[in-house]
1. Among the residues of segment 36-44, is there at least one that is surrounded by 15 or more Cβ atoms within 10 Å (Cβ to Cβ) and modelled with pLDDT of 85 or more?
2. For residues in segment 1-35 being small (Gly, Ala, Ser) and either in contact with an Asp or Glu (Cβ under 7 Å, 6 or more places away or on another chain) or surrounded by 14 or more Cβ atoms within 10 Å (Cβ to Cβ) (or both), which is modelled with the lowest pLDDT?
3. What tally of residues in segment 1-17 results from selecting those that are hydroxyl-bearing (Ser, Thr, Tyr) and without any contact (Cβ under 8 Å) to a residue 24 or more places away in the chain?
Amino acid sequence: MLTWSIIFLVIALVAALLGFTNVAGTALDFARIIFFVFLVLFLISLFF
């Protein structure tokens, strides 16, 4: 799942460089959401 977060982050960076601000913002939002979901699941797995 962390791989998907990195992929969306790369998509956001490439889209930002090419000037597609709406695509970059959307991809960055997806990357953030997936990263925080991964982080929460990781912390839960540490305790159980």
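The values are calculated or read from the model by the stated rules, or taken from the named source; none is laboratory data. Here the structure is a predicted model, which means the values were calculated and not measured. Please note: Cβ atoms are built from the backbone with ideal geometry, for glycine as well, and neighbour counts cover all protein chains shown.
1. Yes.
2. Checking each candidate, the answer is SER5.
3. Qualifying residue count, segment 1-17: 1.
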